[in-house]
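**Q** Okay, handing you the structure first.
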Amino acid sequence: MPKEDIDRVQRRLNQIWEIGKTDSSGVTRLAYTSEENVVFDYLRDELPREFDVWTDSVGNLFATPWPEAENSLYIGSHLDSVINGGRLDGVLGVITALEAIQTLHESSCQPPNPPTLAVFRGEESARFGQHTIGSRTALGMLTVEDFSATDQNDVPLWHAMQQAGFHPENLSEPTIDLDRVTGFLEVHIEQGRVLDESDDDLGVVTNIRAPVRYKITVEGAYDHSGATPMNLRHDALAGASAIILAIQRVGKEADNEGDLVATVGDITAVDGAINKVCGEVSFPLDIRSVNEAFRDQIESRILEEIRMTADQHNLQFEVQEIDRSSPVTMSEEIASQLAHAADSSESGYRFLPSGGGHDTMNFQQAGVPAGLLFVPSVDGVSHSPDEETYDDAVAAAVQTLIRFTLSEIEIANKKFTENKIEGNGGDHAF
């Protein structure tokens, strides 16, 4: 079995870390910025000269040493980051994919599922509020409304793409030949604590939670902080705080009933000051579950709590939906073969859901069988400068990709059923 070069993997991870590195040792590499362009240039320079390399109209990069293969298994991830994020999110999936493909090529293997490295732009929603821009465009899934989304400086996505040197074409048409793509694989840190608190190096993802997201605006009245009695105030910030606490309470109650998380991750006091009663506050709301019907039920409960709490504080409010996605169930065939590949390399694994969204889910939704492989997040940390994983887990992930690619399998687009898969990782129900 071809053997991966983990020193090469770590060198590439560390060199990419320097591109967009922050003073706190995090990374800021937002979609369609110069930092994202530079990291794509770095990767292109790292590709062996024998690889055939091409870029689509929005800057996604593809590379393979088997360009003439009739069909190809796509493997990859993204290179952009959140603001002051970690060095592994997205990048690990690209570099482990490259290592698996390069190792196979250097060993002169002729895999029955010739792989293609796929590197996508703009997976994170940190700049435009739109997730998985590159992979959705590659699959013909990006809408005109998505394309018009703006960043904090009111720069629309389409203009940012042009500034980065790209000229998008017909959004309704995929930029890749989907008839040629037999499947898609992605490696990612778990972004949770399940693997780190177990003895398993790998997680085989069964399904992906999907969000519904809102922008909530609470309006009261601006007043002087010293001159306005407490009982005459219409304090938007105090009211928004009560609303956020109500959201947290409902989320915790729902978590005891089923699979659900509800998060307010930011808050903006519009024109706020130390000597003013705040008159307007906005904040995002993110509700996720693997069960869409249950998510819809809790969503209604949360929206009603927002209405009641705003009324109690004599405030006006506006609810603007900004994203609604459906949960995704991954390919059973790919998950089974990933488990088998991990088992054959003597790597411990388990089946688990993904709390975060990934490029993988778009392929599965587009009818391309897809698989997602997790490595542990140390202490469950992600989207943070403290993000880290273990060398043994990285090696296990690369070896699993290699063994998967060398396996003789036929991949069909089927969904998980409510059964179990036996394996080295134990007997885990979906």
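**Q** Hey, any idea what % of segment 263-376's accessible area is carbon plus sulfur with a 1.4 Å probe?
**A** Details: 1970 of 4580 Å².
That share works out to 43 percent.
**Q** Measuring from the lowest to the highest alpha carbon on each principal axis, how far does segment 1-132 reach, largest first, in angstroms?
**A** 43, 33, 20
**Q** Shifting gears a bit: Loop-only check: which GluC sites (Glu not before Pro) in segment 91-188 are DSSP coil with at most 15 other Cβ within 10 angstrom? Don't jump to the answer; show the numbers that get you there.
**A** Numbers: sites: Glu99, Glu106, Glu123, Glu124, Glu145, Glu169, Glu186; in loops: Glu123, Glu124, Glu169.
Counting only loop positions with at most 15 other Cβ atoms within 10 Å, the GluC sites (Glu not before Pro) in segment 91-188 are Glu169.
**Q** Next up: Using +1 at the Cβ of each Lys and Arg and -1 at the Cβ of each Asp and Glu in the chain, identify which of Gly26, Ile298, Phe317 lies farthest towards the dipole's positive end.
**A** Of the options given, the answer is Phe317.
**Q** Something else about it: Taking a ≥ b ≥ c as the square roots of the eigenvalues of the Cα gyration tensor of segment 212-354, is the shape rounded (a/c under 1.5), prolate (a/b larger than b/c) or oblate? Provide the component values of the computation, followed by the final result.
**A** Working: a/c = 3.53, a/b = 2.80, b/c = 1.26.
Prolate, since a/c reaches 1.5 and a/b exceeds b/c.
**Q** Under a point-charge model restricted to the Cβ atoms of Lys and Arg (+1) and Asp and Glu (-1), what is the dipole moment magnitude of segment 116-238 relative to its Cα centre, in debye to the nearest 20? Numbers along the way, then the final one.
**A** Numbers: 9 positive and 20 negative charges, 84 e Å.
Here the size comes out at about 400 debye.
**Q** At 20 angstrom or more along the helix axis (alpha-carbon based) and mean Kyte-Doolittle of -1.0 or higher, what helices does the chain contain? Whole DSSP H runs only.
**A** Working: long enough: 91-106 (22 Å, 1.06); 236-257 (31 Å, 0.39); 292-312 (30 Å, -0.83); 391-406 (23 Å, 0.88).
Those that clear 20 Å and a mean of -1.0 are 91-106, 236-257, 292-312, 391-406.
**Q** Moving on. Might you report the magnitude of the Cβ-based charge dipole of the chain about its Cα centre, with Lys and Arg at +1 and Asp and Glu at -1, to the nearest 20 debye? Write out the running numbers ahead of the final one.
**A** On the way: 31 positive and 72 negative charges, 124 e Å.
So the dipole magnitude of the chain works out to roughly 600 debye.
**Q** Further question: With springs only between Cα atoms under 10 Å, which of Pro284, Pro211, Pro376 fluctuates most in a Gaussian network model of the chain?
**A** Checking each option, the largest mean-square fluctuation is seen for Pro284.
**Q** Sticking with this structure for a sec: Dipole magnitude of segment 197-312 about its Cα centre, charges +1 at Lys/Arg Cβ and -1 at Asp/Glu Cβ only, in debye to the nearest 20?
**A** Working: 11 positive and 21 negative charges, 106 e Å.
Computed charge dipole of segment 197-312: roughly 500 debye.
**Q** Over all Cα pairs of the chain, how is the pair count split among 20 Å bins, expressed in % and running from 0 up to the last occupied bin?
**A** 25, 55, 18, 2
**Q** Counting only heavy atoms of the protein chains, get the accessible area per residue of the chain (1.4 Å probe) and round it to a whole Å² value. Please list the in-between numbers first.
**A** Working: 18180 Å² over 430 residues.
I get 42 Å² per residue for this part.
**Q** Can you tell which of Ala242, Val205, Thr132 lies farthest toward the positive end of the dipole of segment 114-246, using +1 and -1 charges on the Cβ of basic and acidic side chains (Lys, Arg; Asp, Glu)?
**A** Of Ala242, Val205, Thr132, it is Ala242.
**Q** Express the relative contact order of the chain as a whole percentage, based on alpha carbon pairs under 8 Å and six or more residues apart in sequence.
**A** Values: 970 pairs, mean separation 90.9, N = 430.
It rounds to 21 percent for the chain.
**Q** Build a GNM of the chain with springs between Cα atoms under 10 Å: which of Gly165, Gly122, Gly348 gets the top mean-square fluctuation?
**A** Among Gly165, Gly122, Gly348, the largest GNM mean-square fluctuation belongs to Gly165.
**Q** Would you tell me the accessible area of Phe128, worked out with a 1.4 angstrom probe on the heavy atoms of the protein chains, in Å² to the nearest 10?
**A** Rounded to the nearest 10, the figure is 10 Å².
**Q** Quick one: pull the percent of accessible area on segment 18-165 belonging to carbon and sulfur, 1.4 Å probe, ligands and nucleic acids left out. Numbers along the way, then the final one.
**A** Numbers: 2290 of 5250 Å².
Heavy-atom surface of segment 18-165 belonging to carbon and sulfur, 1.4 Å probe: 44 percent.
**Q** Express as a percent, rounded to the nearest 5, the fraction of DSSP beta bridges in the chain (both residues included) that run antiparallel. Write out the running numbers ahead of the final one.
**A** On the way: 42 of 63 bridges.
About 65 percent, rounded to the nearest 5.
**Q** Per DSSP H run of n ≥ 4, the term is -39500 (n - 2.57); total these for the chain, divide by its residue number, and report the mean residue ellipticity at 222 nm rounded to 500 deg cm²/dmol. Don't skip to the answer; put the middle values down first.
**A** Values: 11 runs with 137 residues, N = 430.
Result for the chain: -10000 deg cm²/dmol, rounded to the nearest 500.
**Q** Let me ask something additional. Hey, if you drop one equal point scatterer on each alpha-carbon of segment 221-297 and run the Debye formula without solvent, what base-10 log of I(q)/I(0) do you get at q = 0.12, 0.22, 0.23, 0.28 Å⁻¹?
**A** -0.45, -0.91, -0.96, -1.23
**Q** Under 15 Å Cα-Cα from Lys3, which aspartates and glutamates qualify once same-chain neighbours fewer than 8 residues away are excluded?
**A** Output for Lys3: Glu99, Glu106, Glu346, Asp391, Asp392.
**Q** Arrange the peptides 42-49, 260-267 so that the one whose residues have, on average, the most other Cβ atoms within 10 Å appears first. If you can, show how the numbers build up before the last one.
**A** Values: 42-49: 13.8, 260-267: 16.4.
Put in order of decreasing packing, that is 260-267, 42-49.
**Q** On to the next question. Looking only at Gly367, Gly226, Gly355, which one moves most when the chain is put into a Gaussian network model with springs between Cα atoms under 10 Å?
**A** Gly226
**Q** Over the Cα atoms of segment 159-274, each weighted equally, I'd like the Debye log10 I(q)/I(0) at q = 0.09, 0.19, 0.20 Å⁻¹, rounded to two decimals.
**A** Each listed q corresponds, in turn, to -0.58, -1.13, -1.17.
**Q** What is the distance, in nm, between label points placed 7 Å from the Cα along the Cα-to-Cβ direction at Arg8 and at Thr143?
**A** 4.3 nm
**Q** A further question follows. Modelled label-to-label distance, Arg180 and Asp271, 7 Å Cα→beta-carbon offset: nm?
**A** About 5.6 nm separates the two model spin labels.
The values are calculated or read from the model by the stated rules, or taken from the named source; none is laboratory data. Computed from a predicted structure; not experimentally measured. Cβ coordinates were reconstructed from backbone atoms using ideal geometry, including for glycine residues, and neighbour counts include every protein chain displayed. Note: areas computed on protein heavy atoms with side chains; ligands, DNA, RNA excluded. Shrake-Rupley method; radii C 1.70, N 1.55, O 1.52, S 1.80 Å.
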